[in-house]
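Visitor: Got a structure here, written out as C-alpha cells. Questions coming.
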Amino acid sequence: MTPNIDPIIHIDEELCTGCRRCAEVCPVDAIIGEASTPQSIDAHRCVVCGQCVQTCAAYAAENDPSLTSRAEKLRQRGQLSSVREPLFAAYSTGHAIELKEALADPKRYKVVQCAPVIRVSLAEEFGLPFGTLTPGKMAAALRLLNFDRVYDTNFGADVTIMEEGSELISRVMSGERLPMFTSCCPAWVKHAETAAPHVLDHLSSCKSPMQMVGSLVKTYSAELDGIAPADILSVAVMPCTCKKFEAGREEMNVDGLREVDMVITTRELAQLIKDKGIDFINLPDETFDSPLGKYSGAGTIFGATGGVMEAAIRTGYELVTHEPIPNLQLDFIRGDEGIRTATVQIGDLELKVAMVAGLKYVSTILEQVAKGTCPYHFIEVMACPEGCVSGGGQPKLLLETQRKSAYQARKSSIYRHDSNQKVRKSHENPAIIKLYKDFLGEPLGHASHHLLHTKFFSRSVKGEMK
Ligand code: SF4
Ligand code: SF4
C-alpha cells in the first residue's frame, strides 16, 4: 500500500473568506490570493506543517443549500461520516475511512505506533483539561480499534539518539559537514530540500523516529512475531500533517515495502475512537507491547522544542566522557518559540548548540551556513512554533490565548512523563540495548545504514535557492 503523496493541505474555495489569517502563520509564504477572495496553496513551497489548518476559523454553516453537502465534503476530505466537528475552510486530507476499512481486514497484521505528544493531547478531544496525560488509555483504545501490536514512536526516538548522537560525535571529531542539523521534522526537511539545498549535506542522515519504527516493524518485529513483512499494515498516529507526506516519500521503504503504510493525526485518532463508541475517559490503563513499546524519558521529550537536543546531550555526554551526566534536566535547552543557543561542556569539547522552534526563524542560520560563518556544531530545527506539541494535526484551538495555555500544559506533561521514567537516557533503555545486541550490531553499522539512514534530495527550482 503506497500512502497518498498528493497535496495534503487544502483550502475549500466554497468556504474560504479570504481573511488571510492562515497567511500570517504560514512560515514559507505559501498561501496565495488577494484579501477577501478564496486563497490557494503553492504546493511546491508548502511544507505541509498544517499551521494554516490550525488557524482557519471559517466553517460551513449547517444545511446551507448553496454549499456542497456535508456528507460529500466529509467524503472528499477523507473523514468518517460520523464526524460532528465543523468543517473549516483550510483542512488536511484524512485517512480515517481507509484505516477503518483496513482495521476490519482479518488477513492483515495491524501494527500501530504513537508519537510522543499524542499521549498529552488526545484526551483534550474528549473534554479533559489541556495536557492531560493518557498513555494507558491510548494503548487500550488502540487495541479496541483492532490493532494487533501497539508500539511507540518514543522507542524510535531512542534509536534516533543512538544513531544521531554517534553521527554527531563522528562529525565533530572529523570536523566534517558541520554544523549538523536534525532531520526528524519532515516539514523542516522539505523546506531544506526546496529552499536551501546548500544545507542538505549538513542534515543528519537519520530517518525520523517514525520511519525508524516503521522500518523495524517490518524487519526486527516481524521476525520476532513470525509474521511475513508483506502481511503487516504499519500505521502511525502523529501530531503532524507533514508525516503523511514523509511516509509517502519514495526512499522510505524497506526491501521494497513501505515502512509506514498509513499516517493519521491526533484528531483523526479521536474521530476513530468516537466512531467506534469507545468510552475513552473510563478506559482502564494498558501498557504498550514489547519490544518496540519500551522507551526512556529521553524518547518522550522529543515532542517538545529542544527535546531532541536534550536527549542527544544526555547520551552524547556519556558516550564521550564515559561518566554519568551530572544533571539530567537541561533547563537551558527548554523554552518556547524562537531561537535558543547554548554552549555545553562535554569533556574537553565546548559543544555549541542552537534550537530553532518555528521555521520562520531558521533563515539567519541558513545564511550563516552559506557564508561559512555558522558558529554551532549541532542545530535542532522544528517547523511548528513549539515543536510537535503545536503540530498541525493536534486538537484544534481557535483562540491565541487558548493555544498558548494548551502548548504550555502539553509541554509540562511531557517533561513530567520524562521525570517519572525509571530510565531517562536512550542508551540505557534495555530494549534498545537488546536491539543492538541481537539485530543491529552497532550504531552507524551496516544494518543501521540499510534500515535507519537515508539521503535527502534538492527540490529547488531555478532562481529559488536561498
Ligand atoms: S501547511 Fe504550513 S506551509 Fe503549507 S500553506 Fe499551511 S501554513 Fe503554509
Ligand atoms: S483558509 Fe481560512 S484562514 Fe485562510 S484565508 Fe481562507 S478563511 Fe481565512
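Visitor: If I filter the stretch 26-37 for residues that are at pLDDT below 95, away from ligand 1 (no atom under 11 Å from the Cβ) and of a type in the set (D, E), do I get at least one hit?
Guide: No, because not a single residue in the stretch 26-37 is at pLDDT below 95, away from ligand 1 (no atom under 11 Å from the Cβ) and of a type in the set (D, E).
Visitor: So if I check each of R84, R45, which one is away from ligand 2 (no atom under 16 Å from the Cβ) and not assigned by the TED database to the domain that holds Q402?
Guide: Testing whether each residue is away from ligand 2 (no atom under 16 Å from the Cβ) and not assigned by the TED database to the domain that holds Q402 leaves just R84.
Visitor: Separate question: Just for strands (runs of 3 or more DSSP E) wholly inside the stretch 284-386: which have at least 2 residues that are more than 17 Å from L203 (Cα to Cα) and modelled with pLDDT under 95?
Guide: 338-346, 349-357
Visitor: R77 is checked against (1) surrounded by 24 or more Cβ atoms within 10 Å (Cβ to Cβ); (2) of a type in the set (K, R); (3) within 16 Å of ligand 1 (Cβ to nearest atom) and fails just one. What number does that condition carry?
Guide: Going through the list (1) surrounded by 24 or more Cβ atoms within 10 Å (Cβ to Cβ); (2) of a type in the set (K, R); (3) within 16 Å of ligand 1 (Cβ to nearest atom), R77 breaks only (1).
Visitor: Anything in the stretch 161-174 that is over 21 Å from L224 (Cβ atoms) and either open to solvent by less than 10 Å² (accessible area, probe 1.4 Å) or assigned to a loop (DSSP other than H, G, I, E, B) (or both)? List them, or say none.
Guide: I161, E164, G165, R171
Visitor: Same structure again: Say whether the condition of being among the basic types (K, R), more than 30 Å from A222 (Cβ to Cβ) and either within 13 Å of ligand 2 (Cβ to nearest atom) or touching a residue at least 24 places away in the same chain (Cβ under 8 Å) (or both) is met by at least one residue in the stretch 20-36.
Guide: Yes, the stretch 20-36 contains a residue that is among the basic types (K, R), more than 30 Å from A222 (Cβ to Cβ) and either within 13 Å of ligand 2 (Cβ to nearest atom) or touching a residue at least 24 places away in the same chain (Cβ under 8 Å) (or both).
Visitor: Out of (1) free of Cβ contacts under 8 Å to residues at least 40 places away in the same chain; (2) more than 13 Å from ligand 2 (Cβ to nearest atom), what's the single condition that is false for P7?
Guide: Among (1) free of Cβ contacts under 8 Å to residues at least 40 places away in the same chain; (2) more than 13 Å from ligand 2 (Cβ to nearest atom), P7 violates only (1).
Visitor: Looking at (1) under 21 Å from L142 (Cα atoms); (2) small (G, A, S); (3) assigned to a helix (DSSP H, G or I), which is the only condition A230 fails?
Guide: (1)
Visitor: Scan V28, V83 and give me the residue that is surrounded by 14 or more Cβ atoms within 10 Å (Cβ to Cβ), in contact with a helix residue (DSSP H, G or I) (Cβ under 9 Å, 6 or more places away or on another chain) and more than 21 Å from A270 (Cα to Cα).
Guide: V28
Visitor: Quick one: I301 ticks every box in (1) farther than 27 Å from S448 by Cα; (2) surrounded by 22 or more Cβ atoms within 10 Å (Cβ to Cβ); (3) among the aliphatic types (A, V, I, L, M) except a single one, so which number is it?
Guide: Failed condition: (1).
Visitor: Next up: When you look at Y151, is it at pLDDT 95 or above, within 16 Å of V263 (Cβ to Cβ) and aromatic (F, W, Y), yes or no?
Guide: yes
The values are calculated or read from the model by the stated rules, or taken from the named source; none is laboratory data. Values in this document were obtained by computation on a predicted structure and should not be read as measured data. Backbone-built Cβ (ideal geometry, glycine too); neighbour counts: all protein chains shown. Surface accessibility is based on the protein's heavy atoms, side chains included, excluding ligands, DNA and RNA. Shrake-Rupley method; radii C 1.70, N 1.55, O 1.52, S 1.80 Å.
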